[in-house]
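Visitor: This is the structure, below, for whatever I ask next.
The values are calculated or read from the model by the stated rules, or taken from the named source; none is laboratory data. This is a predicted model, so every value here is computed, not measured. Cβ sites come from the backbone with ideal geometry, for glycine too, and all protein chains shown count toward neighbours. SASA here: full protein model, heavy atoms, side chains in, ligands and nucleic acids out. Shrake-Rupley method; radii C 1.70, N 1.55, O 1.52, S 1.80 Å.
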Amino acid sequence: MQYGANGALLGTELPGIKLVNRGKVRDVYDLGDALLFVATDRLSAFDVVMTTGIPRKGEVLTQISLFWFDLLKDVPNHLLSADVTTRPELAPYAKDLQGRALIVRKAKVLPIECIVRGYLVGSGWKDYCKTGMVSGIKLREGYKQASKLDEPLFTPSTKAEQGEHDEAISFEGVAERIGLEKANAIKELSLKIYTAARDYAAEKGIIVADTKFEFGEIDGKIILVDEVLTPDSSRFWPMDQYVEGTSPVSLDKQFVRDYLESLDWDKNPPAPELPASVVDKTAGKYLDAYRMLTGKDL
């Protein structure tokens, strides 16, 4: 296992178990009849993995995903177990993995990032300012930065390889890639899950401004895969600090993005080191998101 000086888990090594993919945040291993997803403490911003990790971040991502999988259990998903001690081959690594790893079903992942926007912010806001549209969808005039949209928008993108950037595509572009029936299904599911999560989070004092889902197929059925509604895949805003017309305070990695935007960095590797103050504040935001959503401390 590779730990950073601040105790963040930056990478995993499981001798004897096949590494399938080392993603921006997750290391994925093949267990034969299932996959092992390990959420490290790596952080990516602008599709670049930072050299500095955020301690306990992977635990937060895993535990929040588990929380949503349970709350949204009417939506089929890939989860088999979060207890690595059920697999004898993982016993030597249980201390490092438990709490941050998921054992999941193997699925054929659809090559689409399913983004749902409930508020106009980030790249969507920039699009709107330039064109009056978001991902080719014409919007009415009069929105401000961080305005709540009249209705949530499905604004998909391509699923880029590491080091490359996701690219926004139209719904028609999704249909061309995976077929109209599947395109309609993932759009409908994305909007349904977002709406349910948005309404739940609002009761806990959190605005889910936008989020990103991934779906896969098993035996021809579409299921929810990867992480769900975490601070890495979503923008969470504390409701009591939300101000329309500004860039709201967030409980996610937007704090890191804002710091990086203040630097003279071209958003290409290598990433700059993150100062301890940024790391500590970001770690606190992730833990706050978990506490507010679940009502428990991690």
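Visitor: Give, as a single signed number, the net charge of other residues whose beta carbon lies under 13 Å from the beta carbon of R87, with Lys and Arg counted +1 and Asp and Glu -1.
Guide: -4
Visitor: Using a 1.4 Å probe on the protein heavy atoms, what percent of the accessible area of the chain belongs to carbon and sulfur?
Guide: 50
Visitor: How large is the Kirkwood hydrodynamic radius of the stretch 113-262, counting all unique pairs of alpha carbons, in Å?
Guide: One decimal place: 16.1 Å for the Kirkwood radius.
Visitor: For the chain, what mean projected area does the convex hull of the alpha carbons give, in nm²?
Guide: Its Cα hull, projected and averaged over all orientations, spans 15.4 nm².
Visitor: Using DSSP to define loop residues, name the trypsin sites (Lys or Arg not before Pro) in the stretch 254-298 whose beta-carbon has at most 10 other beta-carbon atoms within 10 Å.
Guide: K296
Visitor: Could I ask something else about it? Starting from the Cα of K130, draw a straight line to each of the lysines and keep only those under 26 Å, dropping any in the same chain fewer than 8 residues away.
Guide: The qualifying lysines are K138, K144, K148, K159, K187, K212, K253, K267.
Visitor: Whole number in Å², please: accessible area per residue of the chain, 1.4 Å probe, ligands, DNA and RNA not counted.
Guide: 46
Visitor: Stick to the Cα atoms of the stretch 1-113, pair each with every other, and give me the Kirkwood hydrodynamic radius in Å at one decimal.
Guide: Answer for the stretch 1-113: a Kirkwood hydrodynamic radius of 14.7 Å.
Visitor: Please return the longest range in the chain lying between exposed loop sites, taking GluC sites (Glu not before Pro), DSSP loop only, at most 12 other beta-carbon atoms within 10 Å, and leaving the sites out.
Guide: In short, 14-140.
Visitor: Here's another thing I want to ask about it. Where the centroid of each part is defined by its Cα atoms, how far is the stretch 198-273 from the stretch 3-77 in Å?
Guide: The stretch 198-273 and the stretch 3-77 have Cα centres separated by 16 Å.
Visitor: Okay, moving on. Starting at 0 and stepping by 5 Å, how many percent of the alpha carbon pairs of the stretch 189-281 end up in each bin?
Guide: In whole percents, the pair-distance histogram is 2, 11, 17, 18, 17, 14, 11, 7, 2, 0.
Visitor: Then there is this: Using a 1.4 Å probe, how large is the accessible area of L191, given in Å² and rounded to the nearest 10?
Guide: 50
Visitor: While we're looking at this one, here's another question. Can you tell which of G23, L66, G132 lies farthest toward the positive end of the dipole of the chain, using +1 and -1 charges on the Cβ of basic and acidic side chains (Lys, Arg; Asp, Glu)?
Guide: Farthest along the dipole direction, towards plus: L66.
Visitor: Quick check on the stretch 241-290: take the gyration tensor over C-alpha atoms, sort the square-rooted eigenvalues as a ≥ b ≥ c, and tell me if it's rounded (a/c under 1.5), prolate or oblate.
Guide: Taking the square roots of the gyration eigenvalues as a ≥ b ≥ c, the stretch 241-290 is oblate.
Visitor: Let me ask you something else. Students sometimes get this wrong: rank R198, R22, R117, R177 by accessible area, probe 1.4 Å, all chains present, largest first.
Guide: Putting R198, R22, R117, R177 in descending order of accessible area: R177, R22, R198, R117.
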